[in-house]
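**Student:** Handing you this structure, nothing more for now.
The values are calculated or read from the model by the stated rules, or taken from the named source; none is laboratory data. These numbers were taken from a predicted model, which means no experiment stands behind them. No Cβ is skipped: glycine too gets one built from the backbone with ideal geometry, and neighbour counts run over all protein chains shown. Areas reflect the complete protein model, heavy atoms only, side chains present, ligands, DNA and RNA absent. Shrake-Rupley method; radii C 1.70, N 1.55, O 1.52, S 1.80 Å.
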Amino acid sequence: MARTPKTPTDAPDRPARKAGRPTSAKPRPPRQPRQPRQPKSKPAETREAVSETHAEPTLEPTAATSNQAEVIETLSMNLAKAAMMAQSAIAEAALTQADRPAALSADPFNVAPAMTSVMTSLAAQPDKMIQAQADLFGRYMQLWSSTARQAAGEAPDPAPVDKRFKDPAWSENPMFDMMRRSYLLTSDWMNGLIAGVEDVDPTLKRRAQFFTRLLTDAFSPSNFLASNPVALKALAETSGESLVKGMQNFAADLERGGGSLRISQADYGKFVVGENVATAPGQVVWRDELFELIQYAPTTETQHEIPLLIFPPWINKFYIMDLQPANSLIRWLSAQGFTVFVCSWVNPDKDKAGFGFDDYLEKGIYRAVEKTLEQAGTKQLNAVGYCIGGTLLGAGLAHMTAKGDKRIASGTFFAAQHDFAEAGDLLLFTDEHWIAEIERQMDAAGGVLPGAAMAETFNALRSNDLIWSFFISNYLLGKDPPAFDLLFWNADQTRMPKTLHLDYLRQMYGANALAKGQFEIGGLTADLSKVEIPLYFQASREDHIAPMNSVYRSAKLFGGEDVTFTLAGSGHIAGVINAPAAKKYQHWTNPALPATLAEWQADAVEHPGSWWEHWSAWLGARSGQQIPARDPAKGLLKPIEPAPGSYVKVKS
């Protein structure tokens, strides 16, 4: 017979609990009070010795214990407060979104077919999958071996350089160091696996690669409070105040986005257009429904006879060229003796929904040229096209050439594409599936694309820099967004007319019609090979929007012999806006224009600093003789208001 376990003497007898569903509680017999144990008596000598060396123990808590309790209580209250704020913000956002129409597709980027093709290709090559799995296992064995040696006191192997993990906290704690290395190992393996797939349509493969990278970036341990030692340290040091502040930032960004999270990249209240950005002196000398024409004041006694007219992109606002006096391209050009005019595009609303390339050509390019020449009193001007403004200018030059119009003496293109065959990751956002989603958004907004939509697209191209870094700083660390003029400008997006934007996506990115000589504009077919005026192309080595090879291919489309290509360091913005006084980056020059960019780079000469002086010398040689400086207030066109005008101040 089994022996019954003994019941402790100080515990009452209880009936055994039956298996099954719980029943209502039965009254319990009262507990017998325990008898306090009598301490063992110590020898008198020992008691006396203890009494001499130790004071009587106090029943009051020590100061340290009291402080710890206060810290824990404050931390608990702040964590609860942060949780309640997050829940409230999310609930309010959900209510805001409830009345809006559902998205056209649960997969607007059309990722599923791309991933299906990639997975099918991998499944058809079991040997490759086995090899990939063996590679992953081998990497983890090396990681575990390195971690074991580190635990034994050896110095760890250097981790891959990644600015997300630059804080010493990631390497000082073995657990977080292991987490970081494991993540980098796995994400590198996943991205490499997709990149190595063969026998898949290149467009589908690129789409799969792009969204795999987005996914692995999103799952970085730095993006989560519990796995980010820097955020945990801030949480502990501030007794939870950092998280409360972070949730306040989170709620404010949700409110600013009308229920959609619009992460703040800068302290937008620190800048005012016309007051501490876009402050170069000048006058608006023409205004119509599509643009304001600004003439900037001279800073030299004489100027070149031939004026300079700049067409910025209508996706952003022109004051990227006039952020601060120290880095203002407009001020710098004025100081070199050029008469600078800028076409400041209207921020279009619903009444411009039907405007297309023909309107921007006739009412934009042609009218701005006409008014600039009228104000300057010359027969020719030099023109600059920046980004998409350069795409329009290139098509406009072809149209003018076909009509025998020679009013533009030379053209310069900043980060502008005319051949979109290698236009980078933006090509992923231009298939018909995604365009249908864009069209739905524009219809919902009354015929214009909201400025936030383009901002989200550009941010996705560099998610670690433009999304997750601010997510961590604003929400996990509870920091205020920086007072950074460039990021303020980057967030100051414009709307785009439906007709123009859809034509741009379909004709340029989709059909590459301009490069193929099939683009219809102003009743003519644009033939870039007929354009023979002097041209200057600038590209940036790390540009993710207008890749350098795409710009080089564009330069090869034009028919003249006087075509100069210059490559700058850095990216789409910093590569262009790089004042010589900053002494930053570098640029490469090569007077030849061989068949490929690789051949051009092989013979290019590297120069330190900005490319502006190289372009200024090129432009000055084509800008005529020196004449007395032109006063914007004394031209045929009467001043309307001081620069930067009104159109640039209209918010989306």
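**Student:** Can T457 be described as more than 22 Å from S264 (Cβ to Cβ) and polar (S, T, N, Q)?
**Tutor:** Spelling it out, it is not the case that T457 is more than 22 Å from S264 (Cβ to Cβ) and polar (S, T, N, Q).
**Student:** Quick check: is even one residue across segment 473-485 touching a strand residue (DSSP E or B) at 6+ places or on another chain (Cβ under 6 Å), modelled with pLDDT under 95 and open to solvent by less than 50 Å² (accessible area, probe 1.4 Å)?
**Tutor:** Checked segment 473-485: at least one residue is touching a strand residue (DSSP E or B) at 6+ places or on another chain (Cβ under 6 Å), modelled with pLDDT under 95 and open to solvent by less than 50 Å² (accessible area, probe 1.4 Å).
**Student:** Scan segment 317-330 for residues that are in a helix (DSSP H, G or I) and surrounded by 22 or more Cβ atoms within 10 Å (Cβ to Cβ) and jot them down.
**Tutor:** Selection gives F318, Y319, I320, M321, L329, I330.
**Student:** Looking at L381, L361 in this structure, which one is open to solvent by less than 20 Å² (accessible area, probe 1.4 Å), modelled with pLDDT of 95 or more and over 16 Å from A395 (Cβ atoms)?
**Tutor:** L381
**Student:** When only residues in segment 149-170 that are at pLDDT below 90 and part of a helix (DSSP H, G or I) count, which is nearest to the chain's Cα centre (by Cα)?
**Tutor:** Among those that are at pLDDT below 90 and part of a helix (DSSP H, G or I), it is Q150.
**Student:** Residues in segment 508-524 that are on the phi < 0 side of the Ramachandran plot, in contact (Cβ under 8 Å) with a residue 60 or more places away in the chain and open to solvent by 10 Å² or more (accessible area, probe 1.4 Å): how many?
**Tutor:** Of the residues in segment 508-524, 4 are on the phi < 0 side of the Ramachandran plot, in contact (Cβ under 8 Å) with a residue 60 or more places away in the chain and open to solvent by 10 Å² or more (accessible area, probe 1.4 Å).
**Student:** All but one of (1) small (G, A, S); (2) within 20 Å of R553 (Cα to Cα); (3) in a helix (DSSP H, G or I) hold for A633, so report the exception by its number.
**Tutor:** Condition not satisfied by A633: (2).
**Student:** Turning to a different aspect of this structure: Inspect segment 333-341 for any residue being of a type outside the set (A, V, I, L, M) and free of Cβ contacts under 8 Å to residues at least 12 places away in the same chain and give the result as yes or no.
**Tutor:** no
**Student:** For segment 408-431, does any single residue satisfy the condition of being of a type outside the set (G, A, S), part of a helix (DSSP H, G or I) and closer than 21 Å to G517 by Cβ?
**Tutor:** Among the residues of segment 408-431, at least one is of a type outside the set (G, A, S), part of a helix (DSSP H, G or I) and closer than 21 Å to G517 by Cβ, which makes the answer yes.
**Student:** Could you grab the pairs with beta carbons closer than 6 Å, sequence gap of 6+ or different chains, first residue in segment 257-274 and in contact (Cβ under 8 Å) with a residue 12 or more places away in the chain, second one of a type in the set (F, W, Y) and in a loop (DSSP other than H, G, I, E, B)?
**Tutor:** Going by the 6 Å Cβ cut-off, the qualifying pairs are A266/F484.
**Student:** Scan segment 588-602 and give yes if some residue there is touching a residue at least 12 places away in the same chain (Cβ under 8 Å), assigned to a loop (DSSP other than H, G, I, E, B), of a type in the set (V, I, T) and surrounded by 14 or more Cβ atoms within 10 Å (Cβ to Cβ), otherwise no.
**Tutor:** No - not one qualifying residue is present in segment 588-602.
**Student:** Same structure again: Looking at segment 477-500 only, could you name the residues that are among the aliphatic types (A, V, I, L, M) and in a loop (DSSP other than H, G, I, E, B)?
**Tutor:** Once the filter is applied, which keeps residues that are among the aliphatic types (A, V, I, L, M) and in a loop (DSSP other than H, G, I, E, B), segment 477-500 yields L477, A483.
**Student:** Take the residues in segment 165-196 that are of a type in the set (D, E, K, R) and over 24 Å from D425 (Cα atoms), then tell me which one is least open to solvent (accessible area, probe 1.4 Å).
**Tutor:** So the residue we want is D177.
**Student:** Can you tell me which residues in segment 540-587 are small (G, A, S) and in contact with a Pro (Cβ under 8 Å, 6 or more places away or on another chain)?
**Tutor:** Result: G560, single match.
**Student:** Between residues in segment 221-248 that are polar (S, T, N, Q) and residues that are part of a loop (DSSP other than H, G, I, E, B) and modelled with pLDDT of 95 or more, which pairs lie under 7 Å by C-beta distance while being six or more apart or on different chains?
**Tutor:** The qualifying pairs are S222/N228; S242/L477; S242/G478.
**Student:** In addition: Go over the candidates L476, L502, L524, L528 one by one and state the one that is out of contact with any Cys (no Cβ under 9 Å at 6 or more places or on another chain) and within 24 Å of D217 (Cα to Cα).
**Tutor:** Within the list L476, L502, L524, L528, the selection yields L476.
**Student:** What are the residues in segment 420-437 that are buried (at least 22 other Cβ atoms within 10 Å of the Cβ) and more than 19 Å from the chain's Cα centre (by Cα), if any?
**Tutor:** Selection gives F420 alone.
**Student:** Determine whether A574 is within 28 Å of the chain's Cα centre (by Cα) and open to solvent by 20 Å² or more (accessible area, probe 1.4 Å).
**Tutor:** Here the answer is yes, as A574 does meet what is asked.
**Student:** State yes or no: is A581 open to solvent by 50 Å² or more (accessible area, probe 1.4 Å), closer than 27 Å to K317 by Cβ and either among the polar types (S, T, N, Q) or not in a loop (DSSP other than H, G, I, E, B) (or both)?
**Tutor:** yes
**Student:** Shifting gears a bit: Could you tell me how many of the residues in segment 197-219 are in a loop (DSSP other than H, G, I, E, B) and either more than 21 Å from A123 (Cα to Cα) or open to solvent by 30 Å² or more (accessible area, probe 1.4 Å) (or both)?
**Tutor:** Qualifying residue count, segment 197-219: 4.
**Student:** Let me ask something else about it. Which members of segment 276-312 meet the condition of being aliphatic (A, V, I, L, M) and in a strand (DSSP E or B)?
**Tutor:** V277, V284, V285, L293, I294, L308, L309, I310
**Student:** Check whether at least one residue in segment 610-629 is in contact with a helix residue (DSSP H, G or I) (Cβ under 7 Å, 6 or more places away or on another chain), farther than 16 Å from F341 by Cβ, part of a loop (DSSP other than H, G, I, E, B) and open to solvent by less than 70 Å² (accessible area, probe 1.4 Å), and report yes or no.
**Tutor:** Yes, that holds for at least one residue.
**Student:** Right, here's the next one. From the list S239, S227, S260, which one is among the small types (G, A, S), surrounded by 18 or more Cβ atoms within 10 Å (Cβ to Cβ) and within 30 Å of A82 (Cα to Cα)?
**Tutor:** S239
**Student:** Which one is most open to solvent (accessible area, probe 1.4 Å) among residues in segment 558-571 that are assigned to a loop (DSSP other than H, G, I, E, B) and of a type in the set (G, A, S)?
**Tutor:** G559
**Student:** Find all pairs meeting these conditions: Cβ atoms under 7 angstrom apart; at least six residues apart or on different chains; first residue within segment 540-557 and in a helix (DSSP H, G or I); second residue buried (at least 23 other Cβ atoms within 10 Å of the Cβ) and hydroxyl-bearing (S, T, Y).
**Tutor:** Short answer, once both residue conditions are applied: M548/S540.
**Student:** If a residue has to be open to solvent by 60 Å² or more (accessible area, probe 1.4 Å) and at pLDDT 90 or above to count, how many in segment 92-125 make the cut?
**Tutor:** Selection size over segment 92-125: 5.
**Student:** Determine if segment 242-256 includes at least one residue that is assigned to a loop (DSSP other than H, G, I, E, B), within 21 Å of the chain's Cα centre (by Cα) and either under 26 Å from A86 (Cα atoms) or aromatic (F, W, Y) (or both).
**Tutor:** Looking through segment 242-256, none of the residues is assigned to a loop (DSSP other than H, G, I, E, B), within 21 Å of the chain's Cα centre (by Cα) and either under 26 Å from A86 (Cα atoms) or aromatic (F, W, Y) (or both).
**Student:** Within segment 284-312, take every residue that is closer than 17 Å to N347 by Cα and among the acidic types (D, E) and give me the one that is surrounded by the most Cβ atoms within 10 Å (Cβ to Cβ).
**Tutor:** So, considering only residues that are closer than 17 Å to N347 by Cα and among the acidic types (D, E), the one surrounded by the most Cβ atoms within 10 Å (Cβ to Cβ) is E292.
**Student:** Could you check segment 331-380 and list, in sequence order, the residues that are part of a loop (DSSP other than H, G, I, E, B) and touching a Leu at 6+ places or on another chain (Cβ under 8 Å)?
**Tutor:** Selection gives F338, T339, V346, F355, G356, G377, K379, Q380.
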